[in-house]
Amino acid sequence: EPEVTQTPSHQVTQMGQEVILRCVPISNHLYFYWYRQILGQKVEFLVSFYNNEISEKSEIFDDQFSVERPDGSNFTLKIRSTKLEDSAMYFCASSGEATEAFFGQGTRLTVV
Amino acid sequence: GNSVTQMEGPVTLSEEAFLTINCTYTATGYPSLFWYVQYPGEGLQLLLKATKADDKGSNKGFEATYRKETTSFHLEKGSVQVSDSAVYFCALTPGAGSYQLTFGKGTKLSVIP
């Protein structure tokens, strides 16, 4: 069964450092998403990406965040200068045309 | 804005007990409603969905009915198993071209033999 894969499963980074979270969406999907879940809180939408551009983004997704689809298979989330409050589980998801979103297993980001 | 409220956990049930997890929503327009499940150590998986009022989503013995009049989408299962132990998330997408999911806080279910 096709699945969304995320790497790494756990990333520890120092405050102020740049971090890139990687995702391989399901191959024939067209829509790509990032969500995050701070420990004990709700899963929150960050951004959606379609046709090589951002289609929606939340207030959380400020100038510190960027997304990219550098080739035909990867979808990345970059945080330029990490803060302690960026510590969370980050989920990548993808969907086809008018289908539900399929999620990856998540990357746990710890900023120290 | 859109929001989803679901019952706080954790919920602990004995095997074969009846399960209800309440979920209510606030949204304009005609949202689609979802239940996602997260088993320990895994990602979010779609459990069931309903895209219009009075639709019933069902999967693996779980059911939920889209009730527009009460803005609810309660999850039910007649007889839970130990393998159903997981965190359950109610969610919506607002429609009108937006696929952004808004989630509830999640309800942790533990089923004991």
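So A:ILE60 clears everything in (1) more than 9 Å from the chain's Cα centre (by Cα); (2) among the aliphatic types (A, V, I, L, M); (3) not in a loop (DSSP other than H, G, I, E, B) except one condition, right? Which one?
Result: A:ILE60 passes all but (3).
Could you grab me the full set of residues in the range A:22-44 that are in contact with a Ser or Thr (Cβ under 6 Å, 6 or more places away or on another chain) and not hydroxyl-bearing (Ser, Thr, Tyr)?
Here is the first cut: in the range A:22-44, the residues in contact with a Ser or Thr (Cβ under 6 Å, 6 or more places away or on another chain) are A:22, A:24-26, A:29, A:31-33.
Within the range A:22-44, A:ARG22, A:VAL24, A:PRO25, A:ILE26, A:HIS29, A:PHE32 meet the criteria.
Take the residues of the range B:61-92 that are open to solvent by 40 Å² or more (accessible area, probe 1.4 Å) and of a type in the set (Asp, Glu): which is farthest from the other protein chains (Cβ to nearest Cβ)?
This residue is B:GLU69.
Filtering the range B:24-53 down to residues that are more than 13 Å from every other protein chain (Cβ to nearest Cβ) and modelled with pLDDT of 95 or more, which residue is farthest from the chain's Cα centre (by Cα)? Before you say what the answer is, go through the steps one by one.
Narrowing the range B:24-53 to residues more than 13 Å from every other protein chain (Cβ to nearest Cβ): B:24-31, B:52-53.
From what is left, the residues that are modelled with pLDDT of 95 or more are B:24-26.
Details: B:THR24: 10, B:TYR25: 11, B:THR26: 15 Å.
Among those residues, the one meeting the criterion is B:THR26.
Out of the residues in the range A:88-105 that are touching a residue at least 40 places away in the same chain (Cβ under 8 Å) and touching a Lys or Arg at 6+ places or on another chain (Cβ under 9 Å), which is nearest to B:GLY43 (Cα to Cα)?
A:PHE91
Before we move on, is A:THR110 in contact (Cβ under 8 Å) with a residue 40 or more places away in the chain, of a type in the set (S, T, N, Q) and surrounded by fewer than 21 Cβ atoms within 10 Å (Cβ to Cβ)?
Yes: the conditions hold for A:THR110.
Can you tell me which residue in the range A:82-101 is least open to solvent (accessible area, probe 1.4 Å), limited to those that are out of contact with any strand residue (DSSP E or B) (no Cβ under 6 Å at 6 or more places or on another chain) and modelled with pLDDT under 95? Talk me through it step by step, then tell me what you get.
Let us first name the residues in the range A:82-101 that are out of contact with any strand residue (DSSP E or B) (no Cβ under 6 Å at 6 or more places or on another chain), namely A:83, A:85, A:96-99.
Those still in the list that are modelled with pLDDT under 95 too: A:96-99.
Numbers: A:GLY96: 10, A:GLU97: 105, A:ALA98: 75, A:THR99: 59 Å².
The qualifying residue least open to solvent (accessible area, probe 1.4 Å) is A:GLY96.
Tell me, which strands (runs of 3 or more DSSP E) lie completely within the range B:2-60 with 1 or more residues that are open to solvent by 70 Å² or more (accessible area, probe 1.4 Å)?
Strands (runs of 3 or more DSSP E) meeting the threshold: B:3-6, B:11-14, B:23-26, B:44-50, B:56-59.
Do you know which residues across the range A:55-89 are closer than 25 Å to A:GLY16 by Cβ and within 14 Å of chain B (Cβ to nearest Cβ)?
The answer is A:LYS57, A:SER58, A:GLU59, A:ILE60, A:PHE61, A:ALA88, A:MET89.
The values are calculated or read from the model by the stated rules, or taken from the named source; none is laboratory data. None of these values were measured; they are calculated from a predicted model. Please note: Cβ atoms are built from the backbone with ideal geometry, for glycine as well, and neighbour counts cover all protein chains shown. Quick note on the areas: whole protein, heavy atoms, side chains included, nothing else; ligands and nucleic acids left out. Shrake-Rupley method; radii C 1.70, N 1.55, O 1.52, S 1.80 Å.
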